[in-house]
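As structure tokens, the structure follows; a few thoughts come after it.
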Amino acid sequence: MALEAARYLIRPQEWTELPGNWPAVFGRRAPLAVEIGFGNGEFLAWAAAEHPDWDFVGFEVALTCFVKAGRRLAQAGLGNVRFARVDGRFALRELFPDGSLTRVYVHFPCPWPKARHAKRRLVNEEFARTLAAVLETGGVFELNTDVDWYAEEAARILSAGGRFSVTGPVLLTGEGPGTRYERKWRKEGRRIWRVLAERVAPAQVERIAEGDMPHARVSAEVTAEALEALPGLQESWPRGAFVIKEAFLAPDGREALLRAFATDDGFQQHYFIVVAKEPAGWIVKLDGATVPFRTPAVKRSVGAVAAALERKAS
């Protein structure tokens, strides 16, 4: 990743406490805003320059977006922005304390038009509940989209439950958020719709990525055969699952690296688990190079590996 992007990048997976301490991240107390899916960073850079007394956090998953956005922010000399490579829905719920956000922006999310893909749409009841938890009273969620039915559906979901005062969908006849997608859609003659939802009542959410880094001890001696048998170890339950995909053994047999996959309520993570011989015995822990969020599935995978090794030794 380019040096410009590294200047703004944060890794909340490595934080010892969640939700995050954002005044410590920025070195000041200021109104805090989030953009989910910042793309090339056009809006993020504009908003940060327009509101120097605010702090902004952006979330994306595409690496190329970080390089382009980092270059744009650095050229503008902006210091009130941070971004992270995390799914925005998960980040909004897990990384921000209740009532800590002034504004949340989403510009042109994929509408997932097919009925069988409806559960992938960003704005659903769970997302609305998260917004009502993390936005301050009077805080606003802003959605811009070129899809009229998506705007109407989002307004309907946000209006339910009495947590928001919703305005829109409103047709934007002038300039919108200024992203490349807006320019593309307007060039194609599409109309742009905006939905604003002001929080009037709070909600409670269950956060799942809290707690200490998981590790487990194995009381018995671990053999190379037991380590080689770990791939395929898996569990699933209504809200999550994990699977051990591969095992890589050190030549001396005193350490193994396990490639793992976990999902919690649709939030997916790829990571590594270390099984190593220490003076006090064998330990199972997360590898420090690819630290995942401490979700229930991740914690469960570490414990399951240790239990499987115990069974092999008995």
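Residues checked against (1) in the same structural domain as SER100 (by TED's automatic domain parsing); (2) surrounded by fewer than 14 Cβ atoms within 10 Å (Cβ to Cβ); (3) among the aliphatic types (A, V, I, L, M):
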site	(1), (2), (3)
ALA224	no, no, yes
GLU228	no, yes, no
PRO238	no, yes, no
GLY266	no, yes, no
HIS270	no, yes, no
LYS277	no, no, no
ASP287	no, no, no
VAL291	no, no, yes
Search result, residues across segment 49-80 that are modelled with pLDDT under 95 and touching a Leu at 6+ places or on another chain (Cβ under 6 Å): none
Selected residue (criterion: farthest from VAL147 (Cα to Cα)) from residues of segment 170-200 that are assigned to a strand (DSSP E or B) and among the hydrophobic types (A, V, I, L, M, F, W, C): ALA197
Residues located in segment 96-139, provided they are of a type in the set (D, E, K, R) and more than 16 Å from VAL195 (Cβ to Cβ): ASP98, LYS114, ARG116, LYS119, ARG120, GLU126, ARG129, GLU136
Residue within segment 57-77 that is acidic (Asp, Glu), assigned by TED's automatic domain parsing to the domain that holds GLU42 and surrounded by 22 or more Cβ atoms within 10 Å (Cβ to Cβ) present: yes
Residue among GLU94, GLU35 that is of a type in the set (Asp, Glu), touching a Lys or Arg at 6+ places or on another chain (Cβ under 8 Å) and at pLDDT 95 or above: GLU94
Pairs where the first residue, in segment 86-113, is touching a residue at least 24 places away in the same chain (Cβ under 8 Å) and under 22 Å from GLU206 (Cα atoms) and the second is in a loop (DSSP other than H, G, I, E, B) and β-branched (Val, Ile, Thr), C-beta under 7 Å, 6+ apart: ASP87/VAL61; ARG93/VAL205
Flag for ASP87 being within 21 Å of PRO12 (Cβ to Cβ) and in contact with a helix residue (DSSP H, G or I) (Cβ under 6 Å, 6 or more places away or on another chain): no
Qualifying residues in segment 135-164 (those that are touching a residue at least 60 places away in the same chain (Cβ under 8 Å) and within 17 Å of ILE36 (Cβ to Cβ)) - the one surrounded by the most Cβ atoms within 10 Å (Cβ to Cβ): LEU135
Boolean, THR167 is among the hydroxyl-bearing types (Ser, Thr, Tyr), assigned to a strand (DSSP E or B) and either in contact with a helix residue (DSSP H, G or I) (Cβ under 6 Å, 6 or more places away or on another chain) or touching a residue at least 24 places away in the same chain (Cβ under 8 Å) (or both): yes
Residue within segment 250-258 that is aliphatic (A, V, I, L, M) and either in contact with a His (Cβ under 8 Å, 6 or more places away or on another chain) or crowded, with 20+ Cβ neighbours inside 10 Å (or both) present: yes
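The values are calculated or read from the model by the stated rules, or taken from the named source; none is laboratory data. Keep in mind that what you see is a predicted model, and the values were worked out from it rather than measured. Ideal geometry is used to build each Cβ from the backbone, glycine not excepted, and the neighbour counts take in all protein chains shown.
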